[in-house]
1. Looking for whichever is among the charged types (D, E, K, R) and modelled with pLDDT of 95 or more here; the options are Lys124, Lys68, Lys115, Lys89. Which one fits?
2. Working carefully through the options Lys98, Lys67, Lys93, find the one that is surrounded by fewer than 15 Cβ atoms within 10 Å (Cβ to Cβ) and either assigned by TED's automatic domain parsing to the domain that holds Pro13 or assigned to a loop (DSSP other than H, G, I, E, B) (or both).
3. Filter segment 44-63 for residues that are touching a Gly at 6+ places or on another chain (Cβ under 7 Å) and assigned to a helix (DSSP H, G or I); which is surrounded by the most Cβ atoms within 10 Å (Cβ to Cβ)?
4. When you go through (1) touching a strand residue (DSSP E or B) at 6+ places or on another chain (Cβ under 6 Å); (2) not assigned by TED's automatic domain parsing to the domain that holds Ala156 one by one for Ile197, which number turns out not to apply?
5. Output the residues belonging to segment 253-275 that are more than 19 Å from the chain's Cα centre (by Cα), of a type in the set (A, V, I, L, M, F, W, C) and crowded, with 20+ Cβ neighbours inside 10 Å.
6. Where residues in segment 109-161 are under 19 Å from the mean Cα position of the chain (by Cα) and among the β-branched types (Val, Ile, Thr), which of them is surrounded by the most Cβ atoms within 10 Å (Cβ to Cβ)?
7. Does Asp210 satisfy being assigned to a loop (DSSP other than H, G, I, E, B), free of Cβ contacts under 8 Å to residues at least 24 places away in the same chain and more than 30 Å from Asp282 (Cβ to Cβ)?
8. Tell me the residue from Arg174, Arg179 that is at pLDDT 95 or above, closer than 29 Å to Gly258 by Cα and in a loop (DSSP other than H, G, I, E, B), please.
Amino acid sequence: MKKEKVLIIGSGPAGYTAAIYASRAGLNPILISGLEPGGQLTITTEVENFPGFENPIQGPWLMEQMKKQASAYGTRIINDYVISVDFQKDIHKIKTEKEMFLSHTVIIATGAKAKWLNIEGEEKFRGYGVSACATCDGFFYKNKDVAVVGGGNTAAEEALFLSNLCKKVILIHRRDKLRAEKILQKRLFEKKNIKFIWNSTVEKILGKNDEKIISSIIVSNVQNKSEQEIKLDGFFVAIGHSPTTDIFLNKLEMDSEGYIFTDADSTKTSIEGVFAAGDVTDKVYRQAVTAAGMGCMGALEAESFLTKKKII
């Protein structure tokens, strides 16, 4: 089998940026796009904070542009997903659903996925009133009443998006103040159709079994333990994300939450020749621009590694 110089797992801002830099360095990288090509930005409508654009841009468009740029410079993009890895000292084996690859270096950029509450009724009604993506499913609740649970940027963005479609949006948070950026909070508080329920958690999702659609949620106050039932048409979970690192379990050093450990100011992992970039290792910033920066770092470090090993 041919031994590749660089193989990139994942296709969000980190993966595509790594591909752009690696291909420009003449390393002929392979990028395996994964189950969700483009990552989380493909389900994000307006992106306002990516440098270089005066007006908001669409997340899917930005990812498509990155993909085209990587491909134009020589990246081989494969629409497949990795099912197992075998990181060895001199060569790394990457098995996808369709084929096997050998590569001297690997850049992991598999991103993150939405977290769920794991409460009664959540899984049962998932796709039938319960969602983790307002931009995907918000249209189905036009002029209806919905609730969003969470207090960070994800929850704020979901609530703001839904407020433009829905009759009423209820934002439920377990604390008495939000963690979202101040500019997002300002927009939330200015919206007349967004209501807030503070110091509360959602305990149960109720619905009609015969129609398989939700009808209400049970909300509990964390301070006085009182409960209330809120009737609604849609329920959106927006409590953040967890890194997509299951296939690397026991292969690389990770923390208790599944984030891959990297050296300080580096994308180097615990295995020589394996690098991690973006949301798989970053639990602090988790922005498209920082993920892209780390993708650049990963490619440059992979090139340096190959040069020291006299592979290039």
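The values are calculated or read from the model by the stated rules, or taken from the named source; none is laboratory data. Note that this is a predicted model, so its numbers are computed, not measured. We place every Cβ from the backbone using ideal geometry, glycine too, and count neighbours over all the protein chains shown.
1. Working: Lys124 fails: modelled with pLDDT of 95 or more; Lys115 fails: modelled with pLDDT of 95 or more; Lys89 fails: modelled with pLDDT of 95 or more.
Answer to the check: Lys68.
2. Working: Lys67 fails: surrounded by fewer than 15 Cβ atoms within 10 Å (Cβ to Cβ); Lys93 fails: surrounded by fewer than 15 Cβ atoms within 10 Å (Cβ to Cβ).
Just one listed residue meets the conditions, Lys98.
3. So the residue we want is Met63.
4. Every condition holds for Ile197 apart from (2).
5. The one that is more than 19 Å from the chain's Cα centre (by Cα), of a type in the set (A, V, I, L, M, F, W, C) and crowded, with 20+ Cβ neighbours inside 10 Å: Val274.
6. Thr110
7. Working: assigned to a loop (DSSP other than H, G, I, E, B): yes; free of Cβ contacts under 8 Å to residues at least 24 places away in the same chain: yes; more than 30 Å from Asp282 (Cβ to Cβ): yes.
Answer is yes for this residue.
8. Details: Arg179 fails: at pLDDT 95 or above.
Testing whether each residue is at pLDDT 95 or above, closer than 29 Å to Gly258 by Cα and in a loop (DSSP other than H, G, I, E, B) leaves just Arg174.
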